[in-house]
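This report concerns only the one structure given below.
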Amino acid sequence: MSSSHSERRALHLVVRAPWAGDALARALLHANARDAIVLAQEAAAVACAQHAADTPLRDALAARRVHVLVADLAARGLGAAALHAGCQPLDDAAWVALAVACDVSVTWY
Amino acid sequence: MSSSHSERRALHLVVRAPWAGDALARALLHANARDAIVLAQEAAAVACAQHAADTPLRDALAARRVHVLVADLAARGLGAAALHAGCQPLDDAAWVALAVACDVSVTWY
Amino acid sequence: MVISLLVLCSPASGQGASSALRFAVAALAAGHTLRQVFFHADGVLAVPPVDVPADEPDLEAGWAALAAVHGVPLLACETALARRGLDRPGLATGAVRLGTLGQFMLAVAQSDRVLSFAD
Amino acid sequence: MVISLLVLCSPASGQGASSALRFAVAALAAGHTLRQVFFHADGVLAVPPVDVPADEPDLEAGWAALAAVHGVPLLACETALARRGLDRPGLATGAVRLGTLGQFMLAVAQSDRVLSFAD
Amino acid sequence: MARILLLFGHATHDGWRAREGLDAGLAALAFDHELSLLFVGAGVCLLRTASQAAPGLRDWGPSLGALGAHGAERVGADADALAVHGLAGARLRLDAIALDAAQRSDWIRNADVVLPF
Amino acid sequence: MARILLLFGHATHDGWRAREGLDAGLAALAFDHELSLLFVGAGVCLLRTASQAAPGLRDWGPSLGALGAHGAERVGADADALAVHGLAGARLRLDAIALDAAQRSDWIRNADVVLPF
């Protein structure tokens, strides 16, 4: 619980895709520009270029730090799919490092 | 399996609200003007006037036969809430009668 | 009419399981015949009998009454139970018995209407 | 860092439970300490040991290895188990032991990070 | 004998839901019901071929093929959802007919029983 | 002692989820953590007062009051969601402060632990 009040960063783990609930919309609503958003499990599919057309993600990508778990993309046959330009692929080690670097994690489902 | 091909009617049971998935949108997409849509469980809240403002329900109400289970409204403290004009309240006996009158039931969740 | 029900959700996850019971009770009250209630997927969580605190609604007692009073067969998919590690002796001692999807498909063949419950 | 995990979903419902295991393995590999993994709500479905067919991934074996190799405490909420009728002798024979939310709150007090898993 | 429609509306790795829908389909065929499969919304993801088993979740997709081969009458897929999920024109795990909303609506209405997974 | 934020994001009758969040809150207080409650999205429905027990589902709302009374530091609610769910200005089961998105975002960021129910 190290950083001072204002510089704290939160990690927002999103595990449901827009067709299964408003988790992504709520994460985007509650994340600031320094927070990290991690698309995982079913939500990973949304990181693929062809998906974001109709979801709020496309505009958010420019304003937020969005990441996606590579393992969850691969599990859905999307390992080779093109990602949105602003979307950072994470392997599990990088996921852990990010969770440790952020002061608090919140899971949206 | 009685009625002839064209006059068959389906009952579309919707049990998730828009904030929890696209069940309502899919039901509306797959129901024709003679089919019955029944809002139940969490989806019952959407039948209340103040809810439908942002959901596709408002326009659909005019074009579809939409019903809501009274017991599920009451369970959520919405027993006395004003419903959308086009929305038929159903008690459980009426729900059974409707399910029997329709040729097939499909549950969207 | 002859009606069969398929319950796909656990009592823990939402209102789907209790809605199925409500529909069953109303259907019997209206004079219809309940050929079978089949619990599949997470619906098999209805099998382990739960000692419910007084002020909590007791779904299991509701199903038990249905089986006792109206002779409605209540079956849970053995494969789905095994997949969840719940195919243990002593677990299926409540109103819901072990069954197979084959028995459900037989009931479907003999039913005018089949309704599914989820949440 | 000292990390604790809270698992809120059943292995049957989605990828949340297996994501928790993946995170745990990666955290240990990176040299962090796993203070506790606590299974609450539907997460307690991780308790009954499942004999998984060969070609199915075996979550339970994964957790068991974690407990054996790294001594990570794996606890499931007794109240949540009871609520689901799963507080039976012979059910908690796998890697996940019975525990209380109090033990989880103790782990929280001693952890730098706490992550939750759901689906 | 009933006309049963298996309606897959949730994506692959949504736990065992799709797997348990498959079990129901195989049982339906074993009891001589007429079986059709319809993939709607995120359910079309089940038809993606390139997925391998998630590290913790078995990819049951291949056994879906068994259902198709074993005698399901018809296999349909939501044409709009195929596009949204980047599968329009892609090779699918089963030969599914792309259906628009009206066609899907008819498939549902003309079934005797719809089982949602 | 940690600053724990209980985040309720799902409606009342979504099974036992909210009930089991409540259990976690009571345990947190018993172990001297600093506890705050935040109701977002459909979770604000938990604050509705008029609900009685669903015919098959216990209405655990009243025991939510216990958590508030027992010493939760702060109780906040999503102002936008209150409006959507027809609760703006309504009497709520707990005295919750209506918070806009930025305020809610700060509550989350300044917690040590967020437990989602």
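For segment D:29-47, the criterion of being at pLDDT below 95, away from chain E (no Cβ under 13 Å) and buried (at least 17 other Cβ atoms within 10 Å of the Cβ) is met by at least one residue.
Select from segment F:64-117 the residues that are of a type in the set (Asp, Glu), assigned to a loop (DSSP other than H, G, I, E, B) and at pLDDT 95 or above and write down the one among them that is farthest from D:Gly43 (Cα to Cα). If you could, list the steps in order and put the result at the bottom.
Here is the first cut: in segment F:64-117, the ones of a type in the set (Asp, Glu) are F:73, F:78, F:80, F:95, F:100, F:106, F:112.
Among the residues that remain, those that are also assigned to a loop (DSSP other than H, G, I, E, B) are: F:73, F:95, F:100, F:112.
Narrowing further to those that are at pLDDT 95 or above: F:100, F:112.
Values: F:Asp100: 32, F:Asp112: 22 Å.
This residue is F:Asp100.
Of all residues assigned to segment C:86-102, at least one qualifies as being within 21 Å of E:Leu7 (Cβ to Cβ), assigned to a helix (DSSP H, G or I), more than 14 Å from chain F (Cβ to nearest Cβ) and out of contact with any Lys or Arg (no Cβ under 8 Å at 6 or more places or on another chain). Determine if segment F:105-114 includes at least one residue that is surrounded by fewer than 23 Cβ atoms within 10 Å (Cβ to Cβ) and more than 26 Å from D:Met105 (Cβ to Cβ). Taking every residue of segment F:105-114 in turn, none turns out to be surrounded by fewer than 23 Cβ atoms within 10 Å (Cβ to Cβ) and more than 26 Å from D:Met105 (Cβ to Cβ). The set of residues from segment D:34-68 being of a type in the set (Val, Ile, Thr) and over 15 Å from the mean Cα position of the chain (by Cα) comprises just one member, D:Val52.
The residues in segment B:24-45 that are among the hydrophobic types (A, V, I, L, M, F, W, C) and in contact (Cβ under 8 Å) with a residue 60 or more places away in the chain can be counted, and the count is 4. Is there a residue being over 25 Å from A:Tyr109 (Cα atoms), within 11 Å of chain E (Cβ to nearest Cβ), in contact with a Lys or Arg (Cβ under 7 Å, 6 or more places away or on another chain) and part of a loop (DSSP other than H, G, I, E, B) anywhere in segment D:52-69? Yes; the residues of segment D:52-69 include at least one that is over 25 Å from A:Tyr109 (Cα atoms), within 11 Å of chain E (Cβ to nearest Cβ), in contact with a Lys or Arg (Cβ under 7 Å, 6 or more places away or on another chain) and part of a loop (DSSP other than H, G, I, E, B).
The criterion of at least 3 residues that are away from chain F (no Cβ under 14 Å) and more than 26 Å from E:Val40 (Cβ to Cβ) is met by the following helices (runs of 4 or more DSSP H) wholly inside segment B:3-109: B:92-101.
The values are calculated or read from the model by the stated rules, or taken from the named source; none is laboratory data. Treat the numbers as computed from the prediction; the structure is a model and nothing was measured. We place every Cβ from the backbone using ideal geometry, glycine too, and count neighbours over all the protein chains shown.
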